[in-house]
Amino acid sequence: MAGLQRLLMNLGEGWFQMHRRFPAGLLDEIATVVAAGERRHLGEVRVAVEARLSPLAVLAGLDAPARARQVFDHLHVWDTEHNNGVLIYVLLAERRIEIVADRGIARHVSPGEWAAVCGHMREAYARGQWREGSLRGIEAVHDLLERHFPADGTPRQDELPDRPVLL
């Protein structure tokens, strides 16, 4: 995507649109789905939604994958006992969804599997189905984590917050 096109896209999206698409009720529902899914496996899931990148960041060449890695670090998704934290990052202005997986789960799940999750979310979002796309995407991530890191029956402490973060 050309720099000027990306700059214009990031100038058009804003706080209001983000809160309209991800209202408090949906954020609560996402937190509930994250918490429930984490009882099925030993992984941790975080969701971050960002309305847009700053013009300076875009001009400096920051793109959605790099920003997702920054958010992954900032939210300490890497800081889990089994190195199996997963971040679902949504950049509304560019209609991008990125999944960043810590090394414990990344070695078990192919990039194509993560891309398929992102693709299904993107298709739902394109139809205006923000709730459905988000919840199905989170469930798909839980399914992958459960396949490779199933719960072992012992109670465990939630290592990361379940509520999505709006940036």
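Taking R46, R21, R131 as the candidate residues, the one with maximal mean-square fluctuation in a Gaussian network model of the chain, Cα springs under 10 Å, is R21. Here the calculated FRET efficiency for A151 and Q5, from their Cβ-Cβ distance with R0 = 45 Å, stands at 0.50, rounded to the nearest 0.05.
Computed on the chain, the Cα convex hull volume stands at 104 Å³ per residue. The 3J(HN,Hα) values that the Karplus relation (6.51, -1.76, 1.60; θ = phi - 60°) gives for the range 97-108 are, in residue order, 10, 10, 10, 10, 10, 5, 4, x, 8, 4, 6, 9 Hz. Gly and Pro appear as x. Phi-derived couplings, Karplus 6.51 cos²θ - 1.76 cosθ + 1.60 at θ = phi - 60°, listed residue by residue for the range 143-155: 4, 5, 5, 5, 4, 9, 9, x, 4, 9, x, 8, x Hz, with x used for Gly and Pro. Estimated at 0.36 nm per residue, the fully extended path between R20 and L56 surpasses their Cα-Cα distance by 10.4 nm. DSSP beta bridges fully contained in the chain are about 45 percent antiparallel.
The relative contact order of the range 3-166, computed from alpha carbon pairs under 8 Å that lie at least 6 residues apart in sequence, is 34 percent.
Work out the P(r) tail for the range 32-98: percent of alpha carbon pairs separated by more than 18 Å, whole number. So the pairs more than 18 Å apart make up 42 percent of the total in the range 32-98. The stretch between R131 and A35 holds 32.9 nm of extra length on full extension. This uses 0.36 nm per residue minus the Cα-Cα distance.
Any read-out appearing in this document is the output of simple, stated calculations on the displayed coordinates, not a laboratory observation. Predicted model only: the values in this text are computed from it and were never measured. Note: ideal-geometry Cβ built from the backbone for every residue, glycine included; neighbour counts use all protein chains shown.
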